[in-house]
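Enquirer: Submitted below is the structure of interest, expressed as structure tokens.
The values are calculated or read from the model by the stated rules, or taken from the named source; none is laboratory data. All of these numbers come straight from a predicted model, not from anything done at the bench. Cβ coordinates were reconstructed from backbone atoms using ideal geometry, including for glycine residues, and neighbour counts include every protein chain displayed.
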Amino acid sequence: MPEPEIPDELLAGYDRILADVAATGRRLTRDELDDRRLLGREAAESGFQLRALVVRHIAATRTAWPLAAAADGAATDSVLAAVEQAVDAFADGFERAQRITVRREEAARREFIDDLLYGRSDLGRLAERATRFGLRLSRAHAVAVATGPEAYTETDSVPRTVEAALLARFGGRKILLTTKDGRLVCIAPGSQPDVLRYFAKQSHAATDGGRVAVGRPHHGPGGVVHSYDEALEALELAERLDLEDPVLYAADLLVYPVLTRDRQAMADLVRSELGPLQQARGGAEPLLKTLAVYFDAGCVAAETARRLSLSVRALTYRLERIHQLTGSDPSDPVHRYTLQTAVIGARLLDWPAKEV
């Protein structure tokens, strides 16, 4: 598609300046420089490209080259200096206008993201604004959130690295990448799970082994908030449960919200099933950790002992002590489910560090 023709008004007075400089040898006045900056700003606001504008100035210079400069070397030097001043001032005005526009766009984008992820603003109006940023909120979207050792902003190298990788791979897709509360956030159509999988891979690498959580796809503006909240909850669960997986999917963790939906019932289970462990020497924490690792290791004694840096004999003693205190045998399938549910509840409720 050909670029739009640059109107003569954006070079108003340029030929007159060249002729006057050739005749007098003077430099541009402050008012003339201000006029060039103003014209540069108008050009930027009109959407012209700076490269094309510089080319247009060079062409105008060739067309309006003064006769006095053609016959006099000193006049030629003065005209070239004037061309340099005029183009520099014009470009300065253009770049200032672009920076202002970029800041306005960033502010609008940030306001939109805040409204979108916090569920503020009228949903209809939010959907209209979303089209400006490449999102069609009438469709399902999913959100992935990545954390790392640092809090990130959009100007940091990590978000820019991840964004460059996504654009190189999915340039034509409708993707919104941003940062929120120090985390990386990616919003993508729910029908394109490959985008969020790739985001998770790139974010994990760029954040030096950080963790990523992916919410489920949901429809509408409220669906984005829902998916975002699911991703945050998955990150919180991973922290509480000390999960090792670098990439977590909210769809795989639905059992945990179900377990804690009735908090009082879970607290009662933890107190009744695990409370007796507090009678052990050293308190409940060592034995609780033993149970957690035992269940995570698939109830395989040798693997559990390896993870805890214990001998199998020492592990067996701990499991027997748990049986003595609680009355439940961790190796008995009948007792195992109740004990494991109580252990999960303890980790979710931060027991015994906190009373339940």
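Enquirer: So which of ALA23, ALA64, ALA59 is surrounded by fewer than 19 Cβ atoms within 10 Å (Cβ to Cβ), in contact with an Asp or Glu (Cβ under 6 Å, 6 or more places away or on another chain) and outside the structural domain of THR155 (by TED's automatic domain parsing)? Break it down into steps so the answer makes sense when it comes.
Expert: Working: ALA23 fails: in contact with an Asp or Glu (Cβ under 6 Å, 6 or more places away or on another chain); ALA59 fails: in contact with an Asp or Glu (Cβ under 6 Å, 6 or more places away or on another chain).
Only one candidate qualifies: ALA64.
Enquirer: Related question: Could you check, for region 163-177, whether at least one of its residues is within 27 Å of PRO257 (Cβ to Cβ) and in contact with a strand residue (DSSP E or B) (Cβ under 8 Å, 6 or more places away or on another chain)?
Expert: Of region 163-177, the ones within 27 Å of PRO257 (Cβ to Cβ) are 176.
Still in the list and also in contact with a strand residue (DSSP E or B) (Cβ under 8 Å, 6 or more places away or on another chain): 176.
Within region 163-177 (the criterion being within 27 Å of PRO257 (Cβ to Cβ) and in contact with a strand residue (DSSP E or B) (Cβ under 8 Å, 6 or more places away or on another chain)), the answer is yes, since at least one residue qualifies.
Enquirer: Could you pull out the residue among THR178, THR161 that is closer than 23 Å to GLU106 by Cα, surrounded by fewer than 17 Cβ atoms within 10 Å (Cβ to Cβ) and among the β-branched types (Val, Ile, Thr)? Before the answer, list the steps.
Expert: Working: THR178 fails: surrounded by fewer than 17 Cβ atoms within 10 Å (Cβ to Cβ).
Of the residues listed, the single one that is closer than 23 Å to GLU106 by Cα, surrounded by fewer than 17 Cβ atoms within 10 Å (Cβ to Cβ) and among the β-branched types (Val, Ile, Thr) is THR161.
Enquirer: Identify all residues within region 242-280 that are surrounded by fewer than 13 Cβ atoms within 10 Å (Cβ to Cβ) and hydroxyl-bearing (Ser, Thr, Tyr); write none if there are none.
Expert: Within region 242-280, SER272 is the sole residue that qualifies.
Enquirer: What tally of residues in region 67-107 results from selecting those that are surrounded by fewer than 19 Cβ atoms within 10 Å (Cβ to Cβ) and aromatic (Phe, Trp, Tyr)?
Expert: 0
Residues are listed down the side, and each one gets a yes or a no for (1) farther than 18 Å from ALA251 by Cβ; (2) touching a helix residue (DSSP H, G or I) at 6+ places or on another chain (Cβ under 6 Å); (3) at pLDDT below 95:
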{"residue": "PRO189", "(1), (2), (3)": "no, no, yes"}
{"residue": "PRO193", "(1), (2), (3)": "no, no, yes"}
{"residue": "SER203", "(1), (2), (3)": "yes, yes, yes"}
{"residue": "ASP208", "(1), (2), (3)": "yes, no, yes"}
{"residue": "ARG216", "(1), (2), (3)": "no, yes, yes"}
{"residue": "PRO221", "(1), (2), (3)": "yes, yes, yes"}
{"residue": "VAL225", "(1), (2), (3)": "no, no, yes"}
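Enquirer: For region 317-356, give me each residue that is of a type in the set (Ser, Thr, Tyr) and out of contact with any Pro (no Cβ under 6 Å at 6 or more places or on another chain).
Expert: Residues of region 317-356 that are of a type in the set (Ser, Thr, Tyr), as a first pass: 317, 326, 328, 331, 337-338, 341.
If the condition is that a residue be of a type in the set (Ser, Thr, Tyr) and out of contact with any Pro (no Cβ under 6 Å at 6 or more places or on another chain), then TYR317, SER328, SER331, TYR337, THR338, THR341 are the ones that fit.
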